[in-house]
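> Sharing a structure below in structure tokens format, with a few things to ask.
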Amino acid sequence: MAAQEPSPTSSLEGNKPGFPKKILANHLEDKHLCNSCQKILRRPLQAQCGHRFCSFCFNKTVSSGPQKCSACIREDLFEEPTSILKLGGAFPDNAARREIEALTAVCPNEGCTWTGIIKEYEAGHEGDCEFQVILCPSCKELMRANEKERHNERECPERTLNCKYCKEPFLLKNIKVEKEKVHEHERACSYEHLNMLLHFIMGIKVSLESLQPQSLDVASHRLQELHQSLRHLEHKMNQLGGGGVLGAVGGVGGGGGGGGGGAAAALVLGACAPAPAPAPAPALATTSFTPLPSGVGAALELQLHSEKTKVVELGRRCQQLELKVNTFENIVCVLNREVERSVITMETYNSQHRLDQDKIEILSNKVRQLERTVGLRDLSIVEMEGKMREMAAATFDGIFVWKISDFTKKRQDAVAGRAPAMFSPAYYTSKYGYKMCLRIYLNGDGTGRSTHLSLFFVVMRGHSDALLKWPFNQKVTLMLLDQNNREHIIDAFRPDISSSSFQRPVSDMNIASGCPLFCPLLKLDSKNSYIRDDTIFIKAIVDLTGL
């Protein structure tokens with residue numbers, strides 16, 4: 001199989017320390033750790049002393065000049081000049097890099113379910129994970145990458161907004177400004193404010209039209225009729241002449257019940273004629289003409305009064321509507337401020353909640369780490385207690401007495417096949433001698449199964465085997481003790497030096513060798529003194545001659 005190629009060089013190569021330890025899905029080995037940052041190696045370099053460092057960590061260490069290797073000092077292996085770290089004094093460890101990049105990895109960010117290998121994590125997922133915690137450049141608040149857009153638009157107290165009136169940008173924290181700045185703003189944005197007023201007035205006009213469309217149509221129609229009547233009246237006045245018109249108007253004004261109409265006619269003529277009429281000539285003063293009917297002036301006055309009343313009523317309604325609009329605007333402004341305060345308060349609570357959740361997760365990780373540490377300590381304590389019990393039961397003179405209590409229960413377990421065999425604690429021929437133990441089958445083994453008690457001798461691997469003579473060739477005596485000291489059951493043998501059972505052990509213990517027909521079970525079942533208080537005693541003696 002072709003060797004795995006290292007990850008392609010990226011723009012970030014050498015600019016980051018090691019990967020976090022919790023990225024590994026499997027067991028973490030010390031050889032994968034940087035000797036500087038104590039994280040998983042990223043772009044590993046191997047120094048002349050043999051220790052590995054991240055490229056970033058090594059360059060940072062030697063940036064201020066040659067440094068002593070802390071790992072060599074810690075391991076008491078310091079040796080000049082190989083233990084001096086300096087620029088150019090390390091080379092890329094491609095074998096270690098390929099091994100690390102092929103390790104199974106999980107994303108360390110909470111909530112992310114990505115899995116893969118470290119090479120894929122570094123090449124694509126590390127910088128793109130939407131669950132990674134990032135820092136807001138404006139307010140310096142921690143947040144997840146998938147919350148960045150929402151934070152920038154709605155949560156960041158340093159975010160920039162645009163004024164909804166003049167569209168000028170401003171910071172959220174400066175939403176309340178001083179009076180001097182308000183006046184300056186009003187002077188600088190007067191055009192925009194006038195434009196707003198125009199839109200406001202046009203909106204009121206549209207509202208009025210939508211409220212009284214029929215009344216406005218009737219008023220418009222009557223105004224058109226009034227203009228037609230005035231034009232018709234002006235035409236007749238022009239036919240009569242200037243002096244005649246004034247006389248006619250005066251006659252109308254002096255007629256019974258027509259004073260008001262004459263005044264109205266004079267007012268209309270004054271408003272409509274381009275200039276006052278010249279004084280009448282004496283010859284024309286006595287000229288006869290047809291007078292204007294008095295009913296026309298009265299009707300005209302009534303129409304004018306009616307239209308004026310309607311205009312006043314519409315103006316009054318406009319004022320009432322404007323007051324209502326102002327009231328509603330004030331209410332909306334107050335509600336908007338309350339809503340903004342509530343949103344800011346809620347955002348503050350949410351930010352604090354996320355910070356609390358992150359702290360809880362950090363503390364939970366510490367608790368889990370402590371639980372693992374306590375579990376490892378418990379295992380170490382159990383292992384140490386076992387070794388202490390073993391050392392307490394061990395002898396160093398080749399003679400060992402093995403007490404087996406609860407014989408009946410253990411015999412039943414052997415018959416049922418739950419625990420057919422038992423091993424004794426280890427014992428020695430001397431402090432630095434052979435290590436041995438006994439193996440017993442309470443229901444027999446091999447040719448003695450179900451009929452005899454089988455007893456075997458086992459040579460174990462010891463700390464001093466390299467100093468001993470092999471194969472093991474000492475006489476072994478096995479005994480089932482009569483607790484009345486009358487009739488012990490004894491069997492002895494000298495090892496077969498060609499058997500693998502007595503060669504130097506290559507595993508924890510050799511194959512057992514001994515007596516499958518050591519003692520008939522019927523002899524144990526009969527009334528005798530081999531079993532007393534549900535306990536038996538086995539004794540083994542190794543002849544120390546020649547040692």
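> Among the residues of region 512-547, which ones are assigned to a loop (DSSP other than H, G, I, E, B), surrounded by 13 or more Cβ atoms within 10 Å (Cβ to Cβ) and not charged (D, E, K, R)?
Those that are assigned to a loop (DSSP other than H, G, I, E, B), surrounded by 13 or more Cβ atoms within 10 Å (Cβ to Cβ) and not charged (D, E, K, R): Ala512, Asn528, Tyr530, Ile531, Leu544, Leu547.
> If you take the residues in region 119-144 that are within 26 Å of Asn350 (Cα to Cα) and aliphatic (A, V, I, L, M), which one is surrounded by the fewest Cβ atoms within 10 Å (Cβ to Cβ)?
Taking the candidates together, the pick is Leu135.
> If you don't mind, there's one more thing I want to ask. Determine, yes or no, whether Pro505 is assigned to a loop (DSSP other than H, G, I, E, B), assigned by TED's automatic domain parsing to the domain that holds Leu442 and more than 17 Å from Gly546 (Cβ to Cβ).
In short, yes.
> Are there any pairs with C-beta distances below 7 angstrom linking a residue in region 392-408 that is over 16 Å from Phe537 (Cβ atoms) to a residue that is surrounded by fewer than 14 Cβ atoms within 10 Å (Cβ to Cβ) and of a type outside the set (Ser, Thr, Tyr), with the two at least 6 apart or on different chains, and if so which?
Phe396/Lys431
So that you can scan it fast, the table gives a plain yes or no per residue for (1) without any contact (Cβ under 8 Å) to a residue 12 or more places away in the chain; (2) of a type in the set (Gly, Ala, Ser); (3) in contact with a helix residue (DSSP H, G or I) (Cβ under 6 Å, 6 or more places away or on another chain); (4) not assigned by TED's automatic domain parsing to the domain that holds Tyr434:
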| position | (1), (2), (3), (4) |
| --- | --- |
| Gly462 | no, yes, no, no |
| Asp465 | no, no, no, no |
| Pro471 | no, no, yes, no |
| Val476 | no, no, no, no |
| Gln483 | no, no, no, no |
| Arg486 | no, no, no, no |
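> Still on this structure, please answer the following. Consider Ala416 against the criteria (1) within 30 Å of Lys475 (Cα to Cα); (2) in the same structural domain as Gly444 (by TED's automatic domain parsing); (3) hydrophobic (A, V, I, L, M, F, W, C): it satisfies all of them except one. Which criterion is unmet?
Single failed check for Ala416: (1).
> Being of a type in the set (A, V, I, L, M, F, W, C) and either closer than 19 Å to Trp402 by Cα or outside any loop (DSSP other than H, G, I, E, B) (or both): is that true of Ile490 here?
On the way: of a type in the set (A, V, I, L, M, F, W, C): yes; either closer than 19 Å to Trp402 by Cα or outside any loop (DSSP other than H, G, I, E, B) (or both): yes.
Yes.
> Shifting gears a bit: From the residues in region 37-56 that are in contact with a Ser or Thr (Cβ under 6 Å, 6 or more places away or on another chain) and over 19 Å from Leu103 (Cβ atoms), which one is surrounded by the fewest Cβ atoms within 10 Å (Cβ to Cβ)?
Applying the filter and picking the extreme gives Gln48.
The values are calculated or read from the model by the stated rules, or taken from the named source; none is laboratory data. Because the structure is predicted, anything quoted here is derived from the model rather than measured. Cβ coordinates were reconstructed from backbone atoms using ideal geometry, including for glycine residues, and neighbour counts include every protein chain displayed.
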